[in-house]
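Okay, structure first, notes after.
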Amino acid sequence: MRRLRRAEPLRRMVRETHLRPEHLVQPLFVVPGEGVEQPIASLPGVSHLSVDRALEAARRAQAAGVGALLLFGLPSRKDERGSSAWSDEEPVQRATSAIAGALPDLPVITDVCLCQYTSHGACGVLRDGAVDNDATLELLARVAVSHASAGAALVAPSDMMDGRVGAIRAALDAGDLQDTGILAYATKFASVFYGPFREAADSTPASGDRRGYQLDPANPREALREALLDIDEGADALMVKPALPYLDVLARLRDETLLPLAAYQVSGEYAMLEAGAAAGAFDRRAAVSEALLAIRRAGADLVITYHATEAAGWLR
Ligand code: PBG
């Protein structure tokens with residue numbers, strides 16, 4: 001076996017998996033205001049950006065060759081129903097139209113969920129203290145339509161309500177937004193690795209947790225059922241989230257569908273890599289590169305990662 005491993009030119013010749021800048025998706029956290037670039041304590045190296053600064057970050061991402069952006073917003077106000085989520089005045093809508101207008105060759109993907117927008121932090125509207133799945137669908141559809149109208153190439157519902165992909169597809173089509181695609185967070189597990197994100201997005205649930213609608217980490221078959229339902233409802237691409245702890249699910253899904261697959265290396269995965277490198281456990285660049293390659297190897301076409309712009313720069 002060693003003959004073809006002997007030297008880099010030989011290894012390069014027989015390499016089976018590649019990571020290129022266009023495989024990487026850069027998430028951005030957009031906030032109200034102007035000139036804001038506020039480091040996020042839980043995610044070293046990641047900042048809250050106002051729309052003007054997000055546009056600068058988008059330019060840097062495009063210059064590095066990243067495939068797309070994924071936008072999250074922190075709104076100016078929260079209420080019971082999360083109504084700021086479908087307002088054209090809020091950061092995600094404003095950033096989407098600014099970026100789509102200035103950088104038409106850089107696809108913008110938007111996160112569709114209510115948890116950053118509700119006063120209680122749940123991903124939908126509450127009835128008797130529990131998330132009301134069906135009443136939430138109409139609101140998610142409104143959010144998706146507002147993002148698509150602002151210029152999103154794809155909307156990415158992350159709420160895990162049943163039926164949301166179909167509801168969003170129907171609303172987009174009815175709103176003459178047939179060209180906007182849906183990247184479904186098809187298999188989203190109720191994971192502890194979202195911890196730093198919830199601080200970054202100010203979306204920690206006020207009470208309880210999300211195990212009532214996100215997947216049980218123990219259930220790969222149920223995860224596949226979720227994904228197959230999203231395909232039936234009209235998803236254009238599917239996501240597995242988190243990434244590294246769920247590579248088995250990613251590999252199985254790769255065998256089940258011909259759709260493009262994305263994997264989300266989430267905030268806790270990012271934080272572990274950063275903390276490990278800071279502690280001297282491994283070389284930061286080598287560790288990040290190996291993790292991203294492993295996610296590609298397991299079957300991801302796209303890798304959503306907070307390291308996207310920097311890692312794309314390494315690959316140029
Ligand atoms: C929900 C959402 C979450 C993440 C992306 N979209 C948080 C959650 O479900 O609790 C997590 C992303 C990350 O941890 O990096 N809007």
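The values are calculated or read from the model by the stated rules, or taken from the named source; none is laboratory data. Since this is a predicted model, take the numbers as computed values, not measurements. Don't worry about glycine lacking a Cβ; one is built from the backbone with ideal geometry, like all the others, and counts go over all protein chains shown. Surface accessibility is based on the protein's heavy atoms, side chains included, excluding ligands, DNA and RNA. Shrake-Rupley method; radii C 1.70, N 1.55, O 1.52, S 1.80 Å.
Can we say Leu177 is open to solvent by 10 Å² or more (accessible area, probe 1.4 Å), touching a helix residue (DSSP H, G or I) at 6+ places or on another chain (Cβ under 7 Å) and modelled with pLDDT of 95 or more?
yes
Just need a number here: residues in the range 223-282 that are part of a loop (DSSP other than H, G, I, E, B) and farther than 20 Å from Gly166 by Cα.
Total meeting the criteria: 8.
Looking only at helices (runs of 4 or more DSSP H) that lie completely in the range 131-220, which have at least 1 residues being away from the ligand (no atom under 15 Å from the Cβ), in contact (Cβ under 8 Å) with a residue 24 or more places away in the chain and not polar (S, T, N, Q)?
In the range 131-220, 133-150, 164-174 are the helices (runs of 4 or more DSSP H) which contain 1 or more residues that are away from the ligand (no atom under 15 Å from the Cβ), in contact (Cβ under 8 Å) with a residue 24 or more places away in the chain and not polar (S, T, N, Q).
What strands (runs of 3 or more DSSP E) completely inside the range 1-102 contain at least 1 residues that are open to solvent by 90 Å² or more (accessible area, probe 1.4 Å) and in contact with a His (Cβ under 6 Å, 6 or more places away or on another chain)?
37-39
May I ask you to list the residues in the range 279-309 that are open to solvent by 20 Å² or more (accessible area, probe 1.4 Å) and in contact (Cβ under 8 Å) with a residue 40 or more places away in the chain?
Residues satisfying the conditions are Ser289, Leu293, Arg296, Arg297, Asp301, Leu302, Thr309.
Please state which of the following conditions Gln116 fails to meet, knowing it meets all the rest: (1) polar (S, T, N, Q); (2) in a loop (DSSP other than H, G, I, E, B); (3) away from the ligand (no atom under 16 Å from the Cβ).
For Gln116, the failing item is (3).
Among what's in the range 233-245 and is open to solvent by 30 Å² or more (accessible area, probe 1.4 Å) and touching a helix residue (DSSP H, G or I) at 6+ places or on another chain (Cβ under 8 Å), pick the residue that is nearest to Ser289 (Cα to Cα).
For the range 233-245, the residue satisfying everything is Leu244.
Here's a check for you: in the range 110-133, which residue that is of a type outside the set (Gly, Ala, Ser) and out of contact with any helix residue (DSSP H, G or I) (no Cβ under 9 Å at 6 or more places or on another chain) is most open to solvent (accessible area, probe 1.4 Å)?
Filtering the range 110-133 for residues that are of a type outside the set (Gly, Ala, Ser) and out of contact with any helix residue (DSSP H, G or I) (no Cβ under 9 Å at 6 or more places or on another chain), the one most open to solvent (accessible area, probe 1.4 Å) comes out as Asp128.
Can you spot a residue in the range 180-197 that is aliphatic (A, V, I, L, M), modelled with pLDDT of 95 or more and open to solvent by 30 Å² or more (accessible area, probe 1.4 Å)?
Taking every residue of the range 180-197 in turn, at least one turns out to be aliphatic (A, V, I, L, M), modelled with pLDDT of 95 or more and open to solvent by 30 Å² or more (accessible area, probe 1.4 Å).
Out of curiosity, is Ala262 within 20 Å of the chain's Cα centre (by Cα), within 18 Å of Thr110 (Cβ to Cβ) and modelled with pLDDT under 95?
Spelling it out, it is not the case that Ala262 is within 20 Å of the chain's Cα centre (by Cα), within 18 Å of Thr110 (Cβ to Cβ) and modelled with pLDDT under 95.
Among (1) in contact with a helix residue (DSSP H, G or I) (Cβ under 6 Å, 6 or more places away or on another chain); (2) open to solvent by 10 Å² or more (accessible area, probe 1.4 Å); (3) among the acidic types (Asp, Glu), there is one condition Glu269 misses while meeting the rest; what is its number?
Every listed condition holds for Glu269 apart from (2).
Being over 17 Å from Ala298 (Cα atoms) and either touching a residue at least 24 places away in the same chain (Cβ under 8 Å) or touching a Ser or Thr at 6+ places or on another chain (Cβ under 7 Å) (or both) is the requirement here; does Ala263 meet it?
Judged against the criteria, Ala263 is not a match.
Return yes when Asp111 is more than 16 Å from the ligand (Cβ to nearest atom) and in contact (Cβ under 8 Å) with a residue 12 or more places away in the chain and no when it is not.
no
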